[in-house]
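Beneath this line is the structure, given in structure tokens, with notes to follow.
The values are calculated or read from the model by the stated rules, or taken from the named source; none is laboratory data. Just so we're clear, the structure is a prediction, and the values are computed from it rather than from any experiment. Note that we place each Cβ from the backbone using ideal geometry, even for glycine, and neighbour counts take in every protein chain shown. Only protein heavy atoms, including side chains, enter the accessible area calculation; ligands, DNA and RNA are left aside. Shrake-Rupley method; radii C 1.70, N 1.55, O 1.52, S 1.80 Å.
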Amino acid sequence: MILSPVLARLRPIWRDALALLYAVRDRRTPDRAKWIAAGALLYALSPVDLLPDGVPLLGLGDDLVIVPALLAFAARGLPAPVLADARLRSARLGRQVPWLLPTLVGPLVLGGVLVLWGVLRFLRG
């Protein structure tokens with residue numbers, strides 16, 4: 001299956017993002033890490049970007065760089081016990097719901113293919 005290598009690479013990213021979500025909800029997490037994670041979420045959901053999403057390929061590029069960088073920065077500010085507990089909870093959920101990642105990634109990949117197809121049709125014009 002073509003998606004197997006893609007899913008294999010996305011699993012650790014998904015696990016760490018879910019772990020960060022668990023860690024942000026923990027009382028032991030410093031406020032600074034919570035604010036940075038909230039800023040990453042707001043930036044991802046905000047219609048205002050450094051590069052507008054309407055610009056082909058570059059519009060989503062800033063989201064693909066800035067949001068993960070902010071999340072990694074937030075994760076660096078977590079105490080080791082909080083991060084370990086959050087990763088444990090994330091791994092437990094991954095074992096309980098193994099279909100969740102493919103269900104979320106499938107539509108994203110399909111959407112990306114459709115956008116690329118649309119851009120190519122537009123450019124051929």
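Could you please find all residues in the range 65-81 being open to solvent by 50 Å² or more (accessible area, probe 1.4 Å) and either modelled with pLDDT under 90 or at positive phi (or both)?
Once the filter is applied, which keeps residues that are open to solvent by 50 Å² or more (accessible area, probe 1.4 Å) and either modelled with pLDDT under 90 or at positive phi (or both), the range 65-81 yields Val65, Pro68, Ala69, Leu70, Leu71, Ala72, Phe73, Arg76.
Tally up the residues in the range 32-59 that are in a helix (DSSP H, G or I) and either open to solvent by 100 Å² or more (accessible area, probe 1.4 Å) or in contact (Cβ under 8 Å) with a residue 60 or more places away in the chain (or both), please. Don't jump to the end; show me each part of the working.
We begin by selecting, within the range 32-59, every residue in a helix (DSSP H, G or I); these are 32-45, 58-59.
Narrowing the set further to residues that are either open to solvent by 100 Å² or more (accessible area, probe 1.4 Å) or in contact (Cβ under 8 Å) with a residue 60 or more places away in the chain (or both) leaves 32, 35, 41-42, 45, 58.
Number satisfying all stated conditions: 6.
If a residue has to be under 21 Å from Gly112 (Cβ atoms), under 16 Å from the mean Cα position of the chain (by Cα) and of a type in the set (A, V, I, L, M) to count, how many in the range 42-56 make the cut?
Start the filter on the range 42-56 by keeping residues that are under 21 Å from Gly112 (Cβ atoms), which leaves 43-47, 49-56.
Checking the rest, the ones that are also under 16 Å from the mean Cα position of the chain (by Cα) come to 43-46.
Checking which are of a type in the set (A, V, I, L, M) leaves us with 44-45.
Looking only at that region, the number is 2.
If the Cβ limit is 7 Å and pairs must be 6+ apart or interchain, which residue in the range 11-28 that is more than 14 Å from Leu88 (Cα to Cα) pairs with which residue that is in a loop (DSSP other than H, G, I, E, B) and at pLDDT 75 or above?
Between residues of the range 11-28 that are more than 14 Å from Leu88 (Cα to Cα) and residues that are in a loop (DSSP other than H, G, I, E, B) and at pLDDT 75 or above, the close pairs are Arg28/Pro79.
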